[in-house]
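Structure first, commentary second.
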Amino acid sequence: MKRLLLTLVAVSLLAGSARAQDRGAVLDSIQYAGFRFFWYQANPLNGMCPDRSTPGSVSSIASTGFGLSAMCVGADHGWITRDQAKQRVITTLQTFWNGPQGPGASGVIGYRGLYYHWLDMNTATRRVDWNAELSTIDTALLFAGILHCREYFTVADDPTETLIRALADSITWRADWNWMRNG
């Protein structure tokens, strides 16, 4: 993930020196490369996105938040259909809504509506050998992707888009920020 971000920054700097008509093509290329990472590296069964592109990488909830935003970008650019994006988003949101909550060292996705930083790519749960903490910043980055989806999928009479908005609200409203702030 860090390598991808550094590459994107370097290409962005080069884009600044490109002619104006070439900038759009460069930016589209960067966006498409970023989208492809999140589309092809995510687990389509639960929506978890890896923290990095190395084999066996763990899922990061921050990366998964970026992946949710990437689905909106991909649909908007026509790289996937809106229906494909909705299905991936629903799968991911249902994983976070239905995943077990608790303070356990393993087998849980979060606690008090906040989420553990590292999750298993297959089970979408915390593993004892990773010692993953409840992370306010990573939960916030996940929520940013979730809220992006809520704002992107706004067709009122589409039941899937209505479900996306309802799940997004339910997931984000469940977070007990006061509990986290106090200890």
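Just to confirm, what accessible area per residue do you get for the chain at 1.4 Å probe, in whole Å²?
Value returned for the chain: 51 Å² of accessible area per residue.
Grab the beta carbon distance between D76 and R174, set R0 = 35 Å, and tell me the FRET efficiency rounded to 0.05.
The calculated FRET efficiency here is 0.80.
Rounded to the nearest 500 deg cm²/dmol, what is the calculated helix-only ellipticity per residue at 222 nm for the chain, with -39500 (n - 2.57) per DSSP H run of length n ≥ 4?
-20000 deg cm²/dmol, from helical runs alone.
Evaluate the distance, in nm, between pseudo-label points positioned 7 Å from the Cα of N98 and of R112 along their respective Cα→Cβ axes.
2.7
May I ask you to give the percent of accessible area on the chain that is carbon plus sulfur, with a probe radius of 1.4 Å?
Carbon and sulfur atoms account for 57 percent of the accessible area of the chain.
Measuring from a point 7 Å past the Cα of Y40 along Cα-to-C-beta, which residues in the range 52-68 have an amide N at less than 17 Å?
Inside the label zone: 52-57, 67.
Going highest first, how would you order 52-62, 154-164, 133-143 by mean Cβ packing within 10 Å?
Highest to lowest by the protection proxy: 133-143, 52-62, 154-164.
The values are calculated or read from the model by the stated rules, or taken from the named source; none is laboratory data. This is a predicted model, so every value here is computed, not measured. Quick reminder, even Gly has a Cβ in these numbers, built from the backbone with ideal geometry, and neighbours come from all protein chains shown. We work out accessible area using only protein heavy atoms, side chains counted, and drop any ligands, DNA or RNA first. Shrake-Rupley method; radii C 1.70, N 1.55, O 1.52, S 1.80 Å.
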